[in-house]
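Heads up: the structure comes next, in structure tokens.
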Amino acid sequence: MAEAPTDKRKAIVEALMDLASRRAWHEIEITDVAKAANVSLAEFRDLFPSKGAVLGALSRQIDRQVLEGTSDDLAGEPARERIFDVLMRRFDALQPYKPALRRISQDLRYEPMSLAALNQVSLNSQRFMLAAAGIDTEGPLGALKLQGAVLVYANTMRTWLDDDDPAQAKTMARLDRELRRAERIIEGAEDLRRLSAPLRAVGRALMQGRGSSRREKRRSDEGNGDRDNPAAAI
């Protein structure tokens, strides 16, 4: 019986993370990963275009694990408590991969292109983590909440990578601090938006007025043009 593509994807993810726990990122070739996962290069290419894409698959795998374990138990809790619970469950799910992630983090620290790609992966992931916590990411402040969640997660992960305490006390303390800081920023942004609402309304009115004036002038110019243009009498 042929192995399902999803099984091969998981095998490649596991193979890469095992290799990354023992070797530097730039020393790992796709041939090494394919051999360790017991897949051909052709099969690897069908499933992933690069090693980085395999990291993206790991992120989606963890997303699914967290989302499948999400319940409504914390529905009545404050937003900070809900996102705290979701992100700690995410760190718990990542625990088997900590040695690999620690080395990868060190190896990619000074590679801007790789960091930009990983930031996009994190943005996609945090959109679903916030949704699992019942936090809206649409509307005027949606992008700020989303990028804020990425920063909270990234800052906390730096502590988590070095936190070998099974209770993860340092990680939880760091996450709590980061979430409180982000909460203050969001609250400030919401206050600023409320305070600036009258100014935005005036601005919209002015722009609409200018638009009306331009339309009236254009109609007037078009009328004068018809009188001056001999072809208008045809």
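Could you tell me the ratio Rg/Rh of the range 5-191? Both radii from Cα atoms, Rh via Kirkwood. That ratio is 0.99, to two decimals.
Averaging the Cα positions of each part gives two centres, and for the range 1-65 and the range 121-169 these lie 25 Å apart.
The loop-placed GluC sites (Glu not before Pro) in the range 1-81, going by DSSP, that have at most 14 neighbouring Cβ atoms within 10 Å of their Cβ come out as Glu3, Glu29.
Ranking of Ile104, Ile186 by neighbouring Cβ atoms within 10 Å, starting from the fewest: Ile186, Ile104.
Taking other C-beta atoms within 10 Å as the exposure proxy, Glu178, Glu77 rank Glu77, Glu178 from fewest upward. For the range 93-139, the list of trypsin sites (Lys or Arg not before Pro) that fall in a loop by DSSP and count at most 16 other C-beta atoms within 10 angstrom reads Arg109. Among the listed pairs Lys51/Lys170; Lys51/Lys145; Lys10/Lys51, a Cα-Cα separation exceeding 22 Å is found for Lys51/Lys170; Lys51/Lys145.
A short reminder: the numbers here are calculations on the coordinates, not readings from a lab. What you are looking at is a predicted structure, and each value in this text was computed from that prediction instead of being measured. Virtual Cβ from ideal backbone geometry, glycine too; neighbours counted across all protein chains shown.
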